[in-house]
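K.L.:
Dropping the structure in here first, questions after.
The values are calculated or read from the model by the stated rules, or taken from the named source; none is laboratory data. As the structure is a computational prediction, the values presented were derived from the model and not from experiment. Ideal geometry is used to build each Cβ from the backbone, glycine not excepted, and the neighbour counts take in all protein chains shown. All accessible areas refer to the heavy atoms of the entire protein, side chains included, with ligands and DNA or RNA removed. Shrake-Rupley method; radii C 1.70, N 1.55, O 1.52, S 1.80 Å.
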Amino acid sequence: MSNFSILDGSIVGIYLIGCMVAGIMARRYVSRVDQFLVAGREMNLYLGIASLAATEFGIATCMYSAELGFKYGFSGATPGVMMCLSMLFVGYTGFCIKPLRDAGVITVPEFFQTQFGSKVRWMSGLVIVLGGLLNMGVFLRVGGEFLIAVCGFNPDHLEIMMTVLLLGVAAYTILGGMVSILITDYLQFIVMSIGLIAVTILVFCNVGWNNMVSAIETRHGPGGFNPFIHDELGWQYVVFYGTLATSGVITWQTIVQRVLAAKDSKTGQAIYRGTSFFFVCRYLIPGLWGIAALAALDSELVSQLLVDPTNARLAMPTFLRDFLPVGMMGIVIAAMLAADMSSDSAYMLSWGSVIYNDILAPFHKNKWSQKRGLLWNRMIVASIGVFLLLYGLWYPLKDNIMDYLAITGSIYLSSMSVLLIAGCYWRRSNNWGAAAAICVGAIMPVSYLVADVLTQFETVNQFATRDIGLYLWGILTYIAAAAAMVIGSLLKISLGFENESEASDV
Amino acid sequence: MFEHWFWLSVSVACVIWYMTVTIFVAIKGFSDIKSMFTKLSRQKDESENI
């Protein structure tokens with residue numbers, strides 16, 4: 001039985017109304033496409049930190065981080081440590097993001113136009129949107145599962161509840177674009193942080209550190225504290241998530257968009273440094289909730305959840321349902337809604353900006369009026385909302401969420417990071433290499449996804465998912481994309497095509 | 001045993017860091033919003049004058 005009461009419902013209601021009103025009111029500051037997409041590049045440091053932190057933490061993040069904590073103990077927080085190190089490295093050196101911001105572009109593919117030509121820009125836009133939308137597709141369902149498990153609502157209401165939430169988010173995103181997102185992100189960051197901190201302190205006080213540590217020792221042994229010696233993780237896990245973190249930090253559109261909206265590259269780098277440790281919190285705080293579930297839930301139930309990958313993610317919400325007192329429940333639900341809304345709105349705008357700026361570039365050629373451009377951007381955001389409803393609520397999630405997100409994200413992260421690094425630092429890179437890297441970088445993860453669902457072809461399925469495994473497959477994807485870039489570029493040079501105009505090649 | 005102390009320190013650091021940043025960003029971020037609105041209004045006026 002959940003502790004969700006009228007008091008909790010009122011807290012959630014007041015938060016939702018306040019957020020919607022603030023988001024919709026911000027629309028009066030938007031009259032141009034660049035104001036809609038990057039807030040006229042007028043975002044300062046602290047607003048940038050709030051926005052980036054709010055965007056990169058959704059209910060899905062909370063669910064998969066808690067799932068990793070429940071399944072692997074503290075070793076599950078390794079991706080957060082890797083991401084923090086990558087953010088610090090990029091924040092201090094300006095690696096890739098400085099040339100990107102200095103170029104004054106709105107999206108990553110736009111940056112590729114100069115070095116690789118318009119066809120590569122278009123292809124890049126396509127893989128970014130494909131990987132991004134598949135990745136984002138699970139957000140709604142996972143968010144709904146959390147709310148239903150914690151609040152004790154009827155599971156039949158999941159679709160209606162999440163549709164109403166998405167309509168609200170879409171309304172202010174469509175009207176105010178990035179300006180509305182920044183305002184609501186700021187409010188959502190505060191509400192989300194209060195909820196996350198309060199529950200974590202409650203977990204420390206009521207479950208206790210020693211109980212959590214002994215639960216990990218009993219269930220996972222020393223591997224629960226060190227990923228290198230964990231049976232299911234190992235060096236491949238650390239290297240794969242290290243590579244994924246670095247490539248995500250420099251090319252993931254929702255992260256990079258904060259740099260592109262910053263007033264200059266120095267502010268962009270400062271946002272990265274300032275947000276770096278947040279990524280440890282992003283994995284470790286929900287991870288602690290997952291570990292608390294491991295320690296506090298009934299031993300038989302824990303054993304059942306650990307062997308069933310579909311239900312493991314429900315361990316944390318099941319624990320919170322009984323653990324949170326009245327009043328605190330409302331704060332946590334408001335915090336999680338805040339987290340989900342900020343991610344949904346920013347992701348819709350990010351992928352929408354790539355569709356308008358890069359995929360539709362051959363049609364508008366930057367010649368459309370501001371009014372027409374704004375109308376198209378708003379229609380694209382609305383269409384992404386419709387896609388989310390259809391795909392997000394009907395796609396069945398059967399495995400670890402984090403692994404699904406990592407492999408769909410790699411569809412574009414592998415090739416885009418290779419293109420960006422080559423575009424910034426390797427003068428001999430060209431459009432042959434770029435096209436080869438995009439194709440290889442997309443084919444590898446998609447073939448893994450296909451092999452994973454082809455359970456009737458046991459040999460193929462076993463080779464991909466067990467003999468090689470997700471983490472090694474992921475590492476090979478990045479290596480293959482980089483090799484394709486080098487081979488393709490050198491081939492074009494050696495065949496004497498390097499001076500050919502981009503219109504006739506690829 | 002080192003791993004236990006490591007994760008305990010990181011967990012405590014997360015809570016303290018997060019609390020500090022939330023207070024700091026809540027105060028400074030509000031000024032950033034006001035400054036952004038001022039600049040966006042100016043941009044809007046300029047584009048209307050053109």
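Yes/no per residue for (1) under 15 Å from residue A:100 (Cα atoms); (2) open to solvent by less than 10 Å² (accessible area, probe 1.4 Å):
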site	(1), (2)
A:245	no, yes
A:255	yes, yes
A:268	yes, yes
A:272	yes, yes
A:282	no, no
A:289	no, yes
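K.L.:
Here is a check on your reading of the model: is residue A:163 over 30 Å from residue B:41 (Cβ atoms) and either at pLDDT 85 or above or more than 11 Å from every other protein chain (Cβ to nearest Cβ) (or both)?
P.N.:
The answer is yes for residue A:163.
K.L.:
Another one. Output the qualifying pairs, or none if there are none: Cβ atoms under 9 angstrom, residues six or more apart or on different chains, first residue in segment A:260-279 and away from chain B (no Cβ under 14 Å), second residue hydroxyl-bearing (Ser, Thr, Tyr) and buried (at least 24 other Cβ atoms within 10 Å of the Cβ).
P.N.:
Partner pairs satisfying both residue conditions: A:260/A:107.
K.L.:
Tell me the helices (runs of 4 or more DSSP H) entirely within segment A:47-142 that contain at least 1 residues that are within 14 Å of chain B (Cβ to nearest Cβ) and either under 27 Å from residue A:288 (Cα atoms) or not aliphatic (A, V, I, L, M) (or both).
P.N.:
A:59-72, A:78-93
K.L.:
Which of the residues spanning chain B are among the aromatic types (Phe, Trp, Tyr) and either outside any helix (DSSP H, G or I) or within 7 Å of chain A (Cβ to nearest Cβ) (or both)?
P.N.:
Correct list: B:7, B:17, B:18, B:37.
K.L.:
Further question: More than 30 Å from residue B:25 (Cβ to Cβ) and either more than 11 Å from chain B (Cβ to nearest Cβ) or open to solvent by 20 Å² or more (accessible area, probe 1.4 Å) (or both) - does that describe any residue in segment A:175-191?
P.N.:
No, segment A:175-191 has no match at all.
K.L.:
If I ask for residues that are in contact (Cβ under 8 Å) with a residue 40 or more places away in the chain and surrounded by fewer than 24 Cβ atoms within 10 Å (Cβ to Cβ), which ones from segment A:97-113 would you list?
P.N.:
A:98, A:99, A:102, A:105, A:106, A:110
K.L.:
With the requirement that a residue be part of a helix (DSSP H, G or I) and either hydroxyl-bearing (Ser, Thr, Tyr) or touching a strand residue (DSSP E or B) at 6+ places or on another chain (Cβ under 6 Å) (or both), what does segment A:4-28 give you?
P.N.:
Selection gives A:10, A:15.
K.L.:
If you scan segment A:1-47, which residues turn out to be among the aliphatic types (A, V, I, L, M) and open to solvent by less than 30 Å² (accessible area, probe 1.4 Å)?
P.N.:
Selection gives A:12, A:22, A:26, A:30, A:33, A:37, A:38, A:39, A:43, A:47.
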